[in-house]
1. GNM on the chain, C-alpha springs below 10 Å: top fluctuator among 30, 57, 80?
2. Out of 54, 46, 65, any idea which swings most in a Gaussian network model of the chain, alpha carbons joined below 10 Å?
3. Arranged from highest to lowest average of other beta-carbon atoms within 10 Å per residue, in what order do the peptides 142-149, 120-127, 7-14 appear?
4. Through the Karplus equation 6.51 cos²θ - 1.76 cosθ + 1.60, θ set to phi - 60°, convert the phi angles of segment 95-111 into ³J(HN,Hα) values in whole Hz; use x for Gly and Pro.
5. State the label only: which of (1) 50; (2) 55; (3) 61 corresponds to percent of Cα pairs over 23 Å apart computed from the shown model?
6. Quote the FRET efficiency, to the nearest 0.05, computed for residue 86 versus residue 3 with a Förster distance R0 of 45 Å and r equal to the Cβ-Cβ distance.
7. Mind listing the long-range amide H neighbours of residue 89? Cut-off is under 5 Å, sequence gap 5 or more, other chains count too, H placed in the peptide plane at 1.01 Å from N.
8. Using a ≥ b ≥ c from the Cα gyration tensor of segment 82-174 (square roots of the eigenvalues), is it rounded, prolate or oblate, where a/c under 1.5 gives rounded and otherwise the larger of a/b and b/c decides, a/b for prolate?
Amino acid sequence: YLLLFAPAVYVLLAWGLSALSARWLLAGAVALTALASSGLARHYSQRYLEDDYQSVVAVLRAHAQPGDVVFLHSDSDWPVFVYYYDGAWTGIPYGEATTAASAAARMAPALSGREAAWLVVTPDAVRIDHSGHAEAYVQTVLPRRAEWVIGDKRLAMFAAEGVERPAHAPPMAL
């Protein structure tokens, strides 16, 4: 709302600086810079990059093999996930309450004949599936082998007995 007044503030500021003598000009510029910096420091103090999906996808790239299935639970964050992950994935719909029956119906076709499955659990998944039906269903088909907690997301790997998913270094896609 105050953007309309910005030109007037800048003109007044420039007029005030031009009225200062040469020796006070430097002091005025330093004071103005310090004042602006203190305001920016408070503005950005709680803002920092939490790009957890980049780390989640790095783990997937390092461990997942062709033929593995990846579930995004819930798929509310799919645009961010897809920005980093270019492989195939199956989403558990955002906003749809997950029950044991709906998890089985949605996940069974994707899990059929697979040796390994990956489940990306987002904070929204706890809201729509507070009992953990999706994770419990995957665990009835394939046992849990590993889990990574990355920020507020969790990545779980489920694999058949004897199936290994050692880390490898695939080429990075930027």
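We did not get these values from a lab; they are worked out from the coordinates using the rules stated. Since the model is a prediction, treat every value here as computed from it, not as a measurement. Please note: Cβ atoms are built from the backbone with ideal geometry, for glycine as well, and neighbour counts cover all protein chains shown.
1. Result: 30 has the largest fluctuation of those listed.
2. Most flexible of the set in this elastic network: 46.
3. Working: 142-149: 14.0, 120-127: 20.1, 7-14: 10.1.
Highest to lowest by the protection proxy: 120-127, 142-149, 7-14.
4. x, 8, 5, 8, 10, 4, 5, 5, 5, 5, 5, 7, 9, 4, x, 6, 7
5. (2)
6. Details: r = 39 Å, r/R0 = 0.88.
The pair residue 86/residue 3 has a calculated efficiency of 0.70.
7. none
8. Numbers: a/c = 1.68, a/b = 1.24, b/c = 1.36.
Note, shape of segment 82-174 comes out oblate.
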